[in-house]
Amino acid sequence: MVTTRNDSRLKKLTQVALGIVTSVGGFLEIGSITTAAQAGAAFGYQLVWSLLLGTVCVAFLVEMSGRFAACSTCTIPDAMRERFGINFFVIPLVVMLGVSLLVLAAEIGGTAAALELATGIALPVWAIPVALLAWGLLWRATFSVIENGVSLLGLVTIVFVVAAVKAHPDYGAAARGLVPTLPSTNKAHYWFVAVSVLGASISPYLYYFYSSGAVEEKWDASYVGVNRAIAAIGMSFGGFLSAAVLVLGAVLFHPFGKDIKDYHDLTQLVTPILGRPGFWLFVASLGIACLGATLEIALALAYLVAQGFGWNWGESLPPKKDARFSVTYTALIAVASLFTLVGLDPLKLTAISMALTAASLPVGVFPFLILMNDESYLGEHTNGRIGNAVVLGISAVAAVLAAVSIPLEVIGS
Amino acid sequence: MRIHLVSHVLDKQLVDRDGENAGRVDGIVLELRDDKPPLVTYLEVSPITLLSRFNRRLAEWYARKDRKFGEKRGVPFRIPWSRVTQHGPTLDLDLGVESTPINAFEDWLRVKIVERIPGS
């Protein structure tokens, strides 16, 4: 008895460590890198608060989705279809598919951009190889290989923290940025960038993916504590990575009035400080982070559809055991790669998709919160008031800001 | 045990006797009887039923297309209520999904596309 209890404790401790590593390694992607960099470049440290809000909200959401999966052994789409019926379920289904398809396209573009920076061969050429690589990994690898492998490699993104510290930022100014203030000029753009940062941090695919992972790994109610530790520590460290990118934008771009207009500009976040090795570490970070996100989004969307319609699903099953699920992610990757194939700028795609993510947050988050307060799924582990208030408040603010600032940004440009 | 048809049966995940996912409950069929309360007779698992919850004409259009694929197609597939038991978060079926048309599209995709790709 004693040994099994110790074994299970050790197993859970390993789970926590691994969970934190994967959260950190998987936190950054094209959205969080570019929006944080643009926020720093355009407004210095003034938008640190938007990163803080986004990170707090996503930490709560990830904790909730893991707790939901552990206590109910259902995934979120599963419960959403069952609890609200098909007539409601199609709304979040269609909205999430549409918005996340654009995010997927941006991630494929980001991976292709990294390959262009590394080889000098133009971005559109890489669309098909990147799509094939991502698809091949999903086709052949199991869930744990995808999640743990890509996230371990993703730890290379810590280079942003190293560079940010070496850049000697003004820590006092960064801390003052935690409190929202209005800029003296360029107000419309300020809110648009704030919204993009929120959208990039609170990606719905992230918590959908996390909940399906917990079900794939057969978590039960005894994992509530493990899950809380992973969400809190993993997401906080992840938020630090984004903050480091913002700091680099604030130090290297803002004082010189430089803007990040193009993905080539992104290399200047690290290269001036760490030199040639910095350039290569940046390219590796961008490529791995975006490839990892490509895999996660394609899977999250295939989970959403398969669970919503009651198909067989599971990344650890061979494709012939879940044909519809496998064909779904294959089709999504194929469609999303077309954006890069026709030469669409990944940065533009990112800006649009992050803002739309923020605008559409309530569609996924509100019904999710209803589920999180339903004792028939969670028993004694339903949400507390703080969790409800934080997630409801931040996602409502993000959506309202998005509804106001997206039209202004479109008119402005 | 009390069971609510809409919240506990409709749209719930179905699992066959081998543990395979067998779609979701797209519709519930009640039999109306003279001087007696209605009786649950079948569950329906079919895109036709699902579409009819949005729009009848859409469902009829789909049924017409579906009819071309075989004799028993074009009408919603029905499972007798007597072959269903509740089990945790799912409803269990006392039959194998391969004997039903529920996974017909899954099987078609597997044979025509997925198994032809290496590594499947």
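With the structure loaded, tell me whether A:L138 is of a type in the set (A, V, I, L, M) and within 30 Å of B:G88 (Cβ to Cβ) or whether it fails that test. Yes; evaluated as a whole, the condition is true for this residue. In the range A:347-354, the condition of being within 14 Å of chain B (Cβ to nearest Cβ) and assigned to a helix (DSSP H, G or I) is met by no residue.
Does any residue of the range A:334-341 turn out to be modelled with pLDDT of 95 or more and within 14 Å of chain B (Cβ to nearest Cβ)? Yes, that holds for at least one residue. Within the range A:384-403, can you find the residues that are touching a helix residue (DSSP H, G or I) at 6+ places or on another chain (Cβ under 8 Å) and exposed (fewer than 15 other Cβ atoms within 10 Å of the Cβ)? A:A396, A:A403 - these are the residues of the range A:384-403 that are touching a helix residue (DSSP H, G or I) at 6+ places or on another chain (Cβ under 8 Å) and exposed (fewer than 15 other Cβ atoms within 10 Å of the Cβ).
Condition check: within 17 Å of A:L286 (Cβ to Cβ), part of a helix (DSSP H, G or I), in contact with a Gly (Cβ under 8 Å, 6 or more places away or on another chain) and more than 14 Å from every other protein chain (Cβ to nearest Cβ). Does A:A105 satisfy that? Criteria not met by A:A105.
Modelled with pLDDT under 95, over 26 Å from A:I386 (Cα atoms) and buried (at least 24 other Cβ atoms within 10 Å of the Cβ): does that describe A:G26? For A:G26, the condition - modelled with pLDDT under 95, over 26 Å from A:I386 (Cα atoms) and buried (at least 24 other Cβ atoms within 10 Å of the Cβ) - is met. Would you point out the residue of the range A:274-326, among those that are surrounded by fewer than 19 Cβ atoms within 10 Å (Cβ to Cβ) and charged (D, E, K, R), that is nearest to B:V45 (Cα to Cα)? Once the filter is applied, the top-ranked residue is A:K321. Listed here are the strands (runs of 3 or more DSSP E) enclosed by the range B:38-120 that have at least 3 residues being within 14 Å of chain A (Cβ to nearest Cβ) and either surrounded by 19 or more Cβ atoms within 10 Å (Cβ to Cβ) or among the charged types (D, E, K, R) (or both): B:90-93. The listed residues are A:G225, A:G249, and the only one of them that is modelled with pLDDT under 95 and in a helix (DSSP H, G or I) turns out to be A:G225.
Of all the residues in the range A:135-165, those that are within 14 Å of chain B (Cβ to nearest Cβ) and among the small types (G, A, S) number 2. Residue count for the range A:39-62 satisfying the condition of being in contact with an Asp or Glu (Cβ under 8 Å, 6 or more places away or on another chain) and surrounded by 24 or more Cβ atoms within 10 Å (Cβ to Cβ): 2. Looking only at residues of the range B:10-37 that are surrounded by fewer than 18 Cβ atoms within 10 Å (Cβ to Cβ) and within 14 Å of chain A (Cβ to nearest Cβ), we find that the one that is modelled with the highest pLDDT is B:I28. Note on the range A:252-262: residues that are more than 16 Å from A:G278 (Cα to Cα) and assigned to a helix (DSSP H, G or I) total 3.
Quick grid of which residues meet (1) at pLDDT below 95; (2) of a type outside the set (G, A, S); (3) under 19 Å from A:L338 (Cα atoms); (4) under 17 Å from the mean Cα position of the chain (by Cα):
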{"residue": "A:G110", "(1), (2), (3), (4)": "no, no, yes, yes"}
{"residue": "A:A113", "(1), (2), (3), (4)": "no, no, yes, no"}
{"residue": "A:L117", "(1), (2), (3), (4)": "no, yes, no, no"}
{"residue": "A:I121", "(1), (2), (3), (4)": "no, yes, yes, no"}
{"residue": "A:A127", "(1), (2), (3), (4)": "no, no, yes, no"}
{"residue": "A:V130", "(1), (2), (3), (4)": "no, yes, yes, no"}
{"residue": "A:L133", "(1), (2), (3), (4)": "no, yes, yes, no"}
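A Cβ distance below 6 Å, combined with a sequence gap of six or more or placement on separate chains, defines the contacts here; from the range A:33-56, residues that are among the small types (G, A, S) reach residues that are surrounded by fewer than 24 Cβ atoms within 10 Å (Cβ to Cβ) in the pairs A:A37/A:I260; A:A41/A:F253; A:A41/A:H254; A:A41/A:D259; A:A41/A:I260; A:G44/A:H254. Could you please let me know if A:A323 is among the small types (G, A, S), without any contact (Cβ under 8 Å) to a residue 40 or more places away in the chain, within 12 Å of chain B (Cβ to nearest Cβ) and in contact with a helix residue (DSSP H, G or I) (Cβ under 7 Å, 6 or more places away or on another chain)? Yes: the conditions hold for A:A323.
The values are calculated or read from the model by the stated rules, or taken from the named source; none is laboratory data. For clarity, every value in this text was computed on a predicted model and none was experimentally measured. As a convention, Cβ positions derive from the backbone with ideal geometry for all residues, glycine included, and neighbour counts pool all protein chains shown.
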